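What follows is a short report on a single structure.
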Amino acid sequence: MKNLLLLIALSNITWLSAQVNKTIKEKVTPEIKTFKVIKCSSIKLNQADNIYFDYDIKKGNKLVFDYNFKAKDRESVADDEFRERIVFELDSKSKSFVLSGDTLLDAKAYFTRSCFCLDRGNYKINGGSIKGKLIKANTWKVNLDLIITPSQERGGEPFAVKVSGTYKLSNTK
């Protein structure tokens, strides 16, 4: 009899908690993409070794193009955060450009992946192309069609990143 009462009580508790959980709305942060150009700036590489590095955007005499993507984030899911960033710099008088091969390296083109994954981190971009054109004052249309190749030490397979967007002049980093 005691076991039967315990079983009934447990099933009622389970049912009630399920009903409460249905009424609680899960918080979900929406996906965000930003495309900005930073005037009078430059990208400074901080090389730790042959594999790992970081970079900063500092004052300079270039235009720095900065793309940021933050994926939708569910508060109830641990470690689902995901971000990507692509930066590169150009001469401040640039009106149109096509970057590929060595010109990607000259433009200090970098890709960053931030996630709970094996291939996170910063990468020098040396494959694919970046094409852009000034379409009106302080606004550029840019197409990125890139191949990111992780170093052998970090594992992972090459992967493609394709992004198109309208970059606007920003007063902040």
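For the reader, a short list of remarks on this structure follows.
- Of K72, K93, all but one fail to be farther than 20 Å from I148 by Cα and without any contact (Cβ under 8 Å) to a residue 24 or more places away in the chain; the exception is K93.
- Of all the criteria given as (1) surrounded by 14 or more Cβ atoms within 10 Å (Cβ to Cβ); (2) modelled with pLDDT under 95, the one not satisfied by K131 is (2).
- Considering the conditions (1) in a strand (DSSP E or B); (2) farther than 26 Å from S170 by Cα, D56 is excluded by exactly one of them, (2).
- Some residue of segment 61-70 being of a type outside the set (K, R), modelled with pLDDT of 80 or more, in contact with a Cys (Cβ under 8 Å, 6 or more places away or on another chain) and under 30 Å from A109 (Cα atoms): yes
- Some residue of segment 116-129 being over 19 Å from the mean Cα position of the chain (by Cα) and among the small types (G, A, S): no
- Here Y167 clears all of (1) in contact with a Gly (Cβ under 8 Å, 6 or more places away or on another chain); (2) surrounded by 16 or more Cβ atoms within 10 Å (Cβ to Cβ); (3) more than 17 Å from T34 (Cα to Cα) except the condition numbered (3).
- Subset of segment 10-51 [modelled with pLDDT under 80, farther than 30 Å from S92 by Cβ and outside any helix (DSSP H, G or I)]: I24, K25, E26, V28, T29, D49, N50, I51
The values are calculated or read from the model by the stated rules, or taken from the named source; none is laboratory data. Here the structure is a predicted model, which is why all the values come from computation and not from measurement. Every residue, glycine among them, receives a Cβ derived from its backbone with ideal geometry; neighbour counts consider all protein chains shown.
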